[in-house]
Amino acid sequence: MRSPERITPGLAGAPTDVDLVVVGLGITGAGVALDAATRGLSVLAVDAHDLAYGTSRWSSKLVHGGLRYLAKGQVGVAHESAVERGVLMEVTAPHLTRPMPVVVPLTSSVTRAQAALTSVGLRAGDALRRGARTAVETLPRPRRLSATETLALAPPLRPAGLRGGMLSWDGQLVDDARLVTTVARTAAAHGAVVRTRARVLGATGTGVRLRDELTGATTTVTARAVVNAAGVWAGELDDDVVLRPSRGTHLVLRADALPGLQVSVFAPVPGETNRFVLVLPQPDGTVYVGLTDEPVDGPVPDVPEATEPEIGFLLDVVSACFARQLHRSDVVGAFAGLRPLLESGAGGSTADLSRKHAVLIGRSGVVTVVGGKLTTYRRMAQDAVDAALATPPAAGLAAGPCRTRALPLLGAAPRDRLAALEQPERLVRRYGTDAALVLADAVEVTGLAEDDLLAPVAEGVAVTLAELVFGVTHEGAHDVADLLDRRTRVGLVPADRALAEPAARRALALVAGAAPGNR
């Protein structure tokens, strides 16, 4: 069941002369690799660590329509977000996205003026949807709810003082790291060479010097263009790039902390006109609560950490809105990501910095793409490749037009077709039409029965051995952390991660034992 879109750790056998080198394999770098490969360019895409190692895996797992940017007067960013949300949900990744109902409760702390402002905002959000030509069947129109209707949709809300609510719709990802992995696999299927554990030691516009982090061997790759998509680490590759990161923190709760919650709730922050804490139920039985916006100074950590003041703030806001008081003991996990915001020179809060992306050409000729949002990765990639192709020596390359707006990712299909697939629901939700490939590959590699491969790897942990095996054979997972922290997201709950570790080690051993040299 080996297929051409496999991703490989290390640099063994990688090309040393290509049209384009992409540095960084978060969502933007993976998107650049896909865009360039589908234009007919030869591509080498590398990351010092792993797919989705940085900011891309620490998002709210949402496909935003741009409403929050509209509220800040960033009309162009809002429209772009709405357009790209529609592309993801209806064309490129319907298997990895779903319509998400959102309730904004009108509690006693929300004034009637604030409620009116929220209503206007939701209608503006629907106007963005219409302007982006996203079907109402995909994202229904917003409407006002009575108190009874609000509690029916969100039973854990505090009924005292509840005047009603507002119902709207946005997009939700099954998992942000899974989107990155799928984009990278799709790039590889179109000819890109995708390598993890490959660290860039130096870069110019005509090549990079790389170190294989598995062997220590170094090599030089020549190229007609180099795109720096290293996110919050972009400044380490180009000194001209000055970023001002901000930290966004989320909590992970068990579903029984807010029993019966089936819709997302945007809990108003007391005393704020247009700020909310998001309460986001997940298909795996957890709830994410976020997020913060705190400026970060100093060296960029490999893995940012949530702070206790941020955790306390999020718990307090949610507890004010729900009947049950949340406590620190309800938090079974927490994660934080750094937004790669471009320094504007204006000072002020990071919350005020534009989320618009920027493409910069450095003095060495390296093309850097920074800023932006996960939702708009495809457009960011398109702009970066356009800029690279307009910069010598790549300006003479024969390249086709951008194709990614109409190009479904691997596993994509209309939702009605996905619903009709006779495959395990969990695999369809995470791999779409590739669900059959995931299972068949695991059977071939391990020789185990399907029932064994599809059973949860531990009590209360829904991940299956089939997914872990596929993570190694097709998605470039090299170790337990790759499997549990990025190919699946078990690692968001440390207790679950500990339970799943034996299965991850088993998957790695099974694949190693099935390698041709071991038969």
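The values are calculated or read from the model by the stated rules, or taken from the named source; none is laboratory data. Just so it is clear, the model here is predicted, and its values are computed rather than measured. Backbone-built Cβ (ideal geometry, glycine too); neighbour counts: all protein chains shown.
Where residues in region 417-474 are touching a residue at least 24 places away in the same chain (Cβ under 8 Å) and among the polar types (S, T, N, Q), which of them is nearest to Val493 (Cα to Cα)?
Going through the qualifying residues, I end up with Thr464.
With within 24 Å of Pro304 (Cβ to Cβ), of a type in the set (A, V, I, L, M) and within 19 Å of the chain's Cα centre (by Cα) as the only criterion, which of Leu243, Leu237, Leu278, Leu253 stands out? Don't jump to the end; show me each part of the working.
Working: Leu243 fails: within 19 Å of the chain's Cα centre (by Cα); Leu237 fails: within 19 Å of the chain's Cα centre (by Cα); Leu253 fails: within 19 Å of the chain's Cα centre (by Cα).
Unique residue meeting the criteria: Leu278.
Please identify the pairs in which a residue from region 6-18 that is surrounded by 14 or more Cβ atoms within 10 Å (Cβ to Cβ) has its Cβ atom under 6 Å from the Cβ atom of a residue that is of a type in the set (A, V, I, L, M, F, W, C) and assigned to a loop (DSSP other than H, G, I, E, B), counting only partners at least 6 apart or on another chain.
Final answer for the pair search is Gly10/Leu214.
Among what's in region 296-310 and is surrounded by fewer than 18 Cβ atoms within 10 Å (Cβ to Cβ) and over 21 Å from the mean Cα position of the chain (by Cα), pick the residue that is nearest to Arg328 (Cα to Cα).
Glu308
Out of the residues in region 78-117 meeting the condition of being in contact (Cβ under 8 Å) with a residue 24 or more places away in the chain and assigned to a loop (DSSP other than H, G, I, E, B), tell me which one is nearest to the chain's Cα centre (by Cα).
Ranking the candidates gives Leu96 first.
What helices (runs of 4 or more DSSP H), lying completely within region 402-470, carry at least 1 residues that are surrounded by 17 or more Cβ atoms within 10 Å (Cβ to Cβ) and either in contact with a strand residue (DSSP E or B) (Cβ under 8 Å, 6 or more places away or on another chain) or polar (S, T, N, Q) (or both)? Outline the logic, then answer.
Details: elements: 415-419, 425-431, 435-446, 450-454.
Qualifying helices (runs of 4 or more DSSP H): 425-431, 435-446, 450-454.
Considering each of Thr249, Thr196 in turn, give the residue that is buried (at least 23 other Cβ atoms within 10 Å of the Cβ), over 30 Å from Ala406 (Cα atoms), of a type outside the set (A, V, I, L, M, F, W, C) and out of contact with any Lys or Arg (no Cβ under 8 Å at 6 or more places or on another chain). Don't jump to the end; show me each part of the working.
Details: Thr196 fails: over 30 Å from Ala406 (Cα atoms).
On inspection, the qualifying residue turns out to be Thr249.
How many residues are of a type in the set (Ser, Thr, Tyr) and closer than 22 Å to Thr433 by Cβ when one looks only at region 59-98?
Narrowing region 59-98 to residues of a type in the set (Ser, Thr, Tyr): 59-60, 69, 81, 92, 97.
The next check asks that each one be closer than 22 Å to Thr433 by Cβ; those that pass are 92, 97.
Adding up the residues that qualify gives 2.
In region 471-484, which residues are crowded, with 21+ Cβ neighbours inside 10 Å and within 24 Å of Thr286 (Cα to Cα)?
Across region 471-484, the qualifying residues are Gly471, Asp482, Leu483, Leu484.
Sort through Leu128, Leu153 and tell me the only one that's within 25 Å of Gln325 (Cβ to Cβ) and aliphatic (A, V, I, L, M).
Working: Leu128 fails: within 25 Å of Gln325 (Cβ to Cβ).
None of the others qualify; the one that does is Leu153.
Can you tell me which residues in region 76-99 are closer than 14 Å to His357 by Cα and surrounded by fewer than 22 Cβ atoms within 10 Å (Cβ to Cβ)?
Gly76, His79
Given the criterion modelled with pLDDT under 95 and either crowded, with 22+ Cβ neighbours inside 10 Å or of a type in the set (A, V, I, L, M) (or both), identify the matching residue among Ala152, Ala113, Ala147. Lay out the reasoning, then the answer.
Details: Ala152 fails: modelled with pLDDT under 95; Ala147 fails: modelled with pLDDT under 95.
The conditions single out Ala113.
Which residue out of Arg185, Arg129 is among the basic types (Lys, Arg), outside any strand (DSSP E or B) and farther than 30 Å from Arg6 by Cα? Steps first, please.
Values: Arg185 fails: farther than 30 Å from Arg6 by Cα.
Only one candidate qualifies: Arg129.
Rundown of residues vs (1) of a type in the set (Val, Ile, Thr); (2) out of contact with any Gly (no Cβ under 6 Å at 6 or more places or on another chain); (3) closer than 25 Å to Pro101 by Cβ, yes/no style:
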{"residue": "Glu272", "(1), (2), (3)": "no, yes, yes"}
{"residue": "Val277", "(1), (2), (3)": "yes, yes, yes"}
{"residue": "Phe313", "(1), (2), (3)": "no, yes, no"}
{"residue": "Val317", "(1), (2), (3)": "yes, yes, yes"}
{"residue": "Phe322", "(1), (2), (3)": "no, yes, yes"}
{"residue": "Asp330", "(1), (2), (3)": "no, yes, yes"}
{"residue": "Ala336", "(1), (2), (3)": "no, yes, no"}
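Looking only at residues that are in a loop (DSSP other than H, G, I, E, B) and out of contact with any strand residue (DSSP E or B) (no Cβ under 7 Å at 6 or more places or on another chain) in region 25-48, which one is nearest to Leu214 (Cα to Cα)?
So the first thing to find is which residues in region 25-48 are in a loop (DSSP other than H, G, I, E, B), and the list is 25-26, 39-42, 47-48.
Now restrict to residues that are out of contact with any strand residue (DSSP E or B) (no Cβ under 7 Å at 6 or more places or on another chain): 26, 39-40.
Working: Gly26: 20, Arg39: 31, Gly40: 30 Å.
Taking the candidates together, the pick is Gly26.
Filter region 287-308 down to the residues that are modelled with pLDDT under 95 and not in a loop (DSSP other than H, G, I, E, B), then identify the one that is farthest from Glu272 (Cα to Cα).
Pro295
Could you tell me whether any residue of region 255-262 is small (Gly, Ala, Ser), within 30 Å of Arg112 (Cα to Cα), surrounded by fewer than 18 Cβ atoms within 10 Å (Cβ to Cβ) and not assigned by TED's automatic domain parsing to the domain that holds Ala230?
Yes: one or more hits.
Taking the condition of being in a loop (DSSP other than H, G, I, E, B) and in contact with a Leu (Cβ under 7 Å, 6 or more places away or on another chain), how many residues in region 49-77 meet it?
Filtering region 49-77 down to residues in a loop (DSSP other than H, G, I, E, B) leaves 49-54, 58-61, 64-66, 72-74.
Of the ones still in play, those that are also in contact with a Leu (Cβ under 7 Å, 6 or more places away or on another chain) are 51, 59-61, 65-66.
Qualifying residue count for the region: 6.
For region 370-389, does any single residue satisfy the condition of being over 30 Å from Gly205 (Cβ atoms), at pLDDT 95 or above and of a type in the set (Lys, Arg)?
No, the conditions are met nowhere in region 370-389.
Condition first: under 27 Å from Ala78 (Cβ atoms), polar (S, T, N, Q) and not in a helix (DSSP H, G or I). Now tell me which residues in region 132-168 satisfy that.
So in region 132-168, the residues under 27 Å from Ala78 (Cβ atoms) come out as 132-145, 150, 153-154, 164-168.
With polar (S, T, N, Q) added as a condition, the list becomes 134, 138, 150, 168.
Residues satisfying the conditions are Thr134, Thr138, Ser168.
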